[in-house]
């Protein structure tokens with residue numbers, strides 16, 4: 001069984017987690033209180049798929065008909081189309 005203090009754990013966290021994942025029992029002690037670290041194996045949630053940014057854009061923005069106005073203050077869309 002490996003024993004670590006809380007300060008050792010902070011500096012070696014990835015090493016300690018790797019050891020626990022390999023099945024080694026880990027004991028962490030802080031101010032006289034002991035903690036046991038164990039791994040819970042379970043089903044991993046599937047990663048969420050992100051939608052492409054273009055799916056959220058307005059067609060005019062995707063077509064390049066709009067640009068950002070670089071004035072101070074809040075950002076605003078500025079049309080590139082000529083006004084009639």
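The values are calculated or read from the model by the stated rules, or taken from the named source; none is laboratory data. Keep in mind it's a predicted model, so treat the numbers as computed, not measured. We place every Cβ from the backbone using ideal geometry, glycine too, and count neighbours over all the protein chains shown.
Annotations
- Any hit, segment 6-26, residues being in a strand (DSSP E or B) and either surrounded by 10 or more Cβ atoms within 10 Å (Cβ to Cβ) or at pLDDT 70 or above (or both): yes
- Across segment 27-42, the qualifying residues are those that are exposed (fewer than 12 other Cβ atoms within 10 Å of the Cβ) and touching a strand residue (DSSP E or B) at 6+ places or on another chain (Cβ under 9 Å), and the one among them that is modelled with the lowest pLDDT is 38.
- Scanning segment 27-36 for residues that are part of a loop (DSSP other than H, G, I, E, B) and either closer than 19 Å to residue 11 by Cβ or in contact (Cβ under 8 Å) with a residue 60 or more places away in the chain (or both) turns up just one, 31.
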